[in-house]
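The values are calculated or read from the model by the stated rules, or taken from the named source; none is laboratory data. These numbers were taken from a predicted model, which means no experiment stands behind them. No Cβ is skipped: glycine too gets one built from the backbone with ideal geometry, and neighbour counts run over all protein chains shown.
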Amino acid sequence: MQPASGGAPAVTGAGDGGAGGWIGRPFRRVDGHAKVTGETRFADDLALPRQAFLKLVRSTVPHGRIRSIDTARAAALPGVLGFLTGRDLPTPFGILPVSQDEHALALEVVRHVGDPVAAVAATSEDAAQAAALAVEVDYEPLPTIATVEEAIATPEPQLHPYADRGNLHKVLSMEFGDVEAGFAAAERIFEDLFFYDGNTHLPLEQHATVAAPEDGGRLTVWSSTQTPHYLHRALTKVLGLPAARIRVVASPNGGGFGGKSDPFGHEIVCAAMALRLGRPVKISLTREEVFACHRGRHPVAMRLRTGVRSDGTLTAQTLQTALDGGAYGSYGVASTYYTGALQTVTYRLPSYRFESVRAFTNKPACGPKRGHGTPQPRFAWEVQLDKIAVELGLDPAELRRRNLEQPGAVTANWLKLGTVGLGRCIDAVVRGSDFQRRWGRLPPGRGLGLACGSYLCGAGLPIYWNHMPQSGVTLHADRGGGVAVFCGAAEIGQGSDSVLAAVVADLLGLELADLRLCVADTAFTPVDLGSYSSRVTLMMGHAAREAAERLRSRIAEAVAQQLGVPAERLTFAERRVFDAADLARGLGWEEAVIATEARFGTLSSSGSYTPPRSPGRYRGAGVGPSPTYSYSAAVVEVEVDRETGVWQPLHVWIAHDIGRAINPALVMGQVEGSVYMGLGEAMMEESAFRRLPRSRSRALVHKFPSLLEYKSPTCAEMPPVTTYLIEEPDPAGPFGAKEVGQGPLLPIPPACANAIFDAVGVRVDQVPIHPHLVLKGLEAAAKGQPARVGPTRFPEVDFGFTLKVPTPWQGGDGKASNDAEFERATGRRAERGTMAEREQALRAGSVEALTTKLEGTRGD
Amino acid sequence: MRTATLRVNGEPRTVAFPAHHTLLEVLREELGLPGTKHGCELGECGTCTVLVDGRPVLSCLVLAAEVEGQAIATVEGLASGGDLHPLQACFADLGAAQCGYCTPGILMAARALLAENAAPTRDEIRAALAGNLCRCTGYWKILEAVEGAAALLRGEAWRPRPETLFGASVEPSEADE
C-alpha cells in the first residue's frame, strides 16, 4: 500500500508476483487520491468555452407514430440555437451487428415512454429545458405490448420487422446430447417455474456527454461510456464520418454495472449538434432519463426440469427461458443465449436442452446488467438444487460437491473450462458459516441458505467479427525515467487503471508514481473492447504483461551489454536493473533507459491479447466461451418475521475463486459490491411498470423512475460480509488472475431464497422476494396448502426447430448434427462463422467482409 | 440574476447566478468546484452533500441565495494543503471509493459526524450515512474507513484489519479445531 500522508499506515502485502512486488499487494488505487479530493473529472464535470447545452424531447407515449413535430414555439424562446429530429440522423445503429434497430432520434415510430424524439440546443441548460418543453409532438397511438404473453398474442404491428417471428425478437432451441435418455436414466425428475423480475443498474452518475468540433472536420466526444470503441463505431456509422476524424474518450464512469455499455442516442445527437453548431455541446441526463435509457436486467420467466439419480447425480436438464426485452435489441440476442449458456459450467450435466424466447415490449430496452443474463437461470438452478437436496435427504453442499465440474473439462455445450475452484469455495463458506451443524437446525424464523455461481472472464468473441486483438497496451519510456502507459480500457470504478499500473510497474520494477496512464481514448490508445463481460483484468492484463516484457527485454539487452552481464541474469526491481548474482552491479532505471535509447532509439513497446478459440461450432456457440471461468459460493443467514413476512439478511459468507488477486483490496471491494447488488435484487430492486387507466391511453409508464422510489439498499440494510478469496492461479489469466466484478453477485439471490426456506419453510420461486410473498407462503402453510409462492404458468410459445449438438462424450465435433434440416426448416445458417471463413476474408483483404458480412453470424 | 458573496472553503467569492439556481448548480457551474456531484437533483441520493455552517446539507435542495454569508464546505476544502484529511486517506486506502462518484458527499457527511462525535459507534455511522447511496462498495469499506479516520483523528494508532484487505482466512481457526 502506498503510504498515505496522515492516513492509514501501510500494511505489508504478499507481493510475490514479478520482482516489482506489486502483484498481490493491496495498494491504494492509482486514481484513489483524485477520487477522494474531488479532482476526478466525470463527463458532466467537463466544461468547454462556448459550450451549448442539449436537451432531448422524449416520447410521452409507449408506442405511436409521430404525426408531427412542431418546434415553432420553442424556436422563438431566448437562447435557442438549433434543433435536430430523426430525419437528420436516419442511419440506424445498435450495439450488436444483428440488431441495428435504434435511431438517435425516432424516425417515425416511438416504442417506449422516454424514446428520444427531438433535440434542442441552447445557450444555457435552463433555456434548452424550456425549449424542449415547448416542442409540440403529435402522436398517433399504436397498440402496446407489456409482457412476453402479450407479445406472443400480438404479432402485429411488429415493433421491428427483423424479429424472428411477430414480436418475438429471438426464438431458439438447442439440445446437447440425448436429453430423453438422460431423463429416462433419472430416478427423480424435478420441474419448477421461476420468475426473476427486471431491475436496473442505478449508477450514481447520470450519463453525460460533451462533444467538441475541431479543425479539419474532426470531432472529440467525451462520454460516460464503458465501451468507447463501440461508441466510436456507432458514431462513425451514424454521422457518416471516417473513423479517423472522430475521437472518443471515455471519462471515468461514476458507476456502470453494464448500464453504459450501449452506444446511446444522446451521445450521437450531442456529437451531431456540435458539428451542426460548430461549438462544443454538452448533455447531462436527468435521473428519469437514465431510467429511460435502462438496458438493465431482463425480466425472465423460467421452466427448469432436471433429472437426478437418488444419490444426487445429475442426468439431464431442460431449461426454458422467456425474456421481456423491452423495445430494442440492445445486447438482447446475447442476453438470450446467456440465460442458458453458463448453466453447464458448475455441475456436470450429461445432457442439456435449452430453449428461449426474447420478446419485444413497449418498455425501455433491457440489456446487460452485472452477470448479464445469468443471474436469472442461476437463481432457478440453485433454488432447484436446494429442493433436490431436501427431497433426497442430502446436504446441499454435498449434492453440489458430488456433481462438480472438473478443471479443463469441455461441457455438454462445448465450453472449455479452466481451473475450477468451486469445491474450495463451497468448503470455505460451509466452514465459515458452520453450515453442516446449523443448516436445518436454527431456531424458528432463522435460516441458512447455500448457493453457488460462475461467470466469464471475458467474452471469448468480440461483438463484431474480426481477427484483431481484443485488448492492446502500448508503453513509452522517456529518458526522464517516466513510463507512459496507453490502453483503451475504461475505468468504471472497478479498478482497471490500477490493474494496468500494477502489471507494468511490477514487471519493470517501478513505483506506481513513475507511470502516467492514458486510457480509453480512441485516438491515442490501442483498442480495448471495453469494460463488459468481466474481460478487462484478464485481457488487458495479458496485453500489459506482453508490452512490459517486451520493453524489459529490450532494456535488458542494452544494459547487459553495458555491464557485461548476461541479459537473463538481470532483475528489474526498486527502480533499478541489476545483476541477480551481484546486487551492487546494475544501473538505475533512468540510466538503463538512457542506455537503451542511445542504443536502439526511442523506446516503446506494445502488447496485445486475443482469446483462444473455443471448441463449439454450432449456431449460438459464440455466446458462452471464455478463456476461463470464475466460481463463487455463498451462505446467507436470514431472519424472517412470521407476522409480516419481512426478512433480513443477517450475515453473508462468500468465497470467490479469483485465481490470483492482483490487488486484494480491490478484489474485496468487487466481491462486497457484488454481494450488495445481489442482496438489492433479492430484497427489493425491480423495474416496475404500470399501465395508465384506459381513459389515459393505457400507456405503460415506469412506476418508479426515481432514486427514492426505486428501492435499493442503504448502509442500514447491508449485513456484515465475510469474504474468502480462493487463490488457485489459472494459467489462462495474467499472473493466474480471474474476474471478480460480476461472479460474486450470482449466488446471492438464490442463497437468500434457500435461507428463507430454511427459516420458515416457504419457497419463494421469484425475485425480488417481497415480504408479502413470504407472508403468502406462510398463510398457505397455515391452511395446510403447499408453502410455495411463484409463477404458476410459463408463456406458451413454440420454440421452433431444435438444433441437435452431440456432446464431447458422444464423440461430437462441436457442430450440430442436423444443420441441413435446420437450414431447410428455418432458412437460416446453422453453423456460426468459422475461422476458415474469417481466414478467407482476411486473405481477400476484405475489411468489409470481416466487419460486415461475418458479423451477422456472430452468436446468431 | 442575483449577485451574492458566498464563503466556500474559507474563501469569499462574489458570483452572479440566476436566482432560482441551487447551491449545487452554483458550486459546479459558477464557482468552478465540480467536486460536489449530483445523482438526482431531488434530494434522494445524498451525492451532493456539502456542509453549511458545519451541518450536512443536500446542496440540490438549497438555493444558493439562501446561504449567503454562511460557511460552505465542499470536498475540495477537505485536505490541508497537500495532506489528505484522515477520512480521505482511509477511504482511498480501504477502497471505500470505487467509482468515486458518491464519495465527496459521503466524505462531507462523515466529516460532519466526526465533528460532533469523535468516537461514533458503527450504528451511529450508519445512521449518519443512511441518506447517502453508494452502488459500488456494499458500504462496509465506507463504515470501516470512517471508523479508521475517527481513530486517527483521536490520535490513536489504527491500521486496517488484514481481512479487510485480503479477506478472511480460509484455514480453520484454532477455535474450529
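Observations on the structure shown:
Residue-by-condition table, conditions (1) under 23 Å from A:ARG438 (Cα atoms); (2) more than 9 Å from chain B (Cβ to nearest Cβ); (3) not aromatic (Phe, Trp, Tyr):
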position	(1), (2), (3)
A:HIS651	yes, yes, yes
A:ILE654	yes, yes, yes
A:ARG660	no, yes, yes
A:MET668	no, no, yes
A:GLU685	no, yes, yes
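- Residues being surrounded by fewer than 24 Cβ atoms within 10 Å (Cβ to Cβ) and touching a Cys at 6+ places or on another chain (Cβ under 6 Å) - total across segment A:520-560: 2
- No other residue among A:THR525, A:THR537 is away from every other protein chain (no Cβ under 14 Å), of a type in the set (S, T, N, Q), in a helix (DSSP H, G or I) and under 26 Å from A:VAL740 (Cβ atoms) apart from A:THR537.
- Selection of segment B:56-93 for residues being acidic (Asp, Glu), more than 8 Å from chain A (Cβ to nearest Cβ) and not in a loop (DSSP other than H, G, I, E, B) yields only B:GLU66.
- Considering only residues in segment A:277-304 that are among the basic types (Lys, Arg) and in contact with a helix residue (DSSP H, G or I) (Cβ under 8 Å, 6 or more places away or on another chain), the one that is surrounded by the fewest Cβ atoms within 10 Å (Cβ to Cβ) turns out to be A:LYS282.
A quick yes/no check of all residues on (1) within 14 Å of chain B (Cβ to nearest Cβ); (2) more than 25 Å from A:PRO396 (Cβ to Cβ); (3) crowded, with 21+ Cβ neighbours inside 10 Å:
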position: A:LEU708; (1), (2), (3): yes, yes, no
position: A:CYS715; (1), (2), (3): yes, yes, yes
position: A:THR723; (1), (2), (3): yes, no, yes
position: A:PRO734; (1), (2), (3): no, yes, yes
position: A:GLY761; (1), (2), (3): no, no, no
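- Of all residues in segment B:6-48, exactly one satisfies the criterion of being under 15 Å from A:GLY38 (Cβ atoms), part of a loop (DSSP other than H, G, I, E, B), more than 9 Å from chain A (Cβ to nearest Cβ) and touching a residue at least 60 places away in the same chain (Cβ under 8 Å), namely B:ASN9.
- From the list B:THR74, B:THR47, the one residue that fits, being under 17 Å from B:ALA128 (Cα atoms), at pLDDT 95 or above and of a type outside the set (Gly, Ala, Ser), is B:THR47.
- Just one of the listed residues (B:ARG135, B:ARG159) is within 7 Å of chain A (Cβ to nearest Cβ), over 30 Å from A:ARG370 (Cβ atoms) and either in contact with a Gly (Cβ under 9 Å, 6 or more places away or on another chain) or buried (at least 24 other Cβ atoms within 10 Å of the Cβ) (or both), and it is B:ARG159.
- When residues of segment A:94-132 are limited to those that are of a type in the set (Val, Ile, Thr) and assigned to a loop (DSSP other than H, G, I, E, B), the one surrounded by the fewest Cβ atoms within 10 Å (Cβ to Cβ): A:THR123
- Evaluating B:LEU113 against the criteria (1) of a type outside the set (D, E, K, R); (2) more than 12 Å from the chain's Cα centre (by Cα); (3) over 27 Å from A:ALA43 (Cα atoms) leaves one unmet condition, (2).
- One residue from A:THR91, A:THR60 being within 23 Å of A:VAL238 (Cα to Cα) and either free of Cβ contacts under 8 Å to residues at least 24 places away in the same chain or surrounded by fewer than 21 Cβ atoms within 10 Å (Cβ to Cβ) (or both): A:THR91
One line per residue, one yes/no per condition, for (1) modelled with pLDDT of 95 or more; (2) within 29 Å of A:GLY373 (Cα to Cα); (3) part of a strand (DSSP E or B):
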position: A:GLU590; (1), (2), (3): yes, no, no
position: A:ALA595; (1), (2), (3): yes, no, no
position: A:VAL635; (1), (2), (3): yes, yes, yes
position: A:ARG642; (1), (2), (3): yes, no, no
position: A:GLN648; (1), (2), (3): yes, yes, yes
position: A:GLY659; (1), (2), (3): yes, yes, no
position: A:ALA665; (1), (2), (3): yes, yes, no
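- Yes/no for A:THR306 being over 30 Å from A:GLU149 (Cβ atoms), outside the structural domain of A:ASP115 (by TED's automatic domain parsing) and in contact with a strand residue (DSSP E or B) (Cβ under 6 Å, 6 or more places away or on another chain): no
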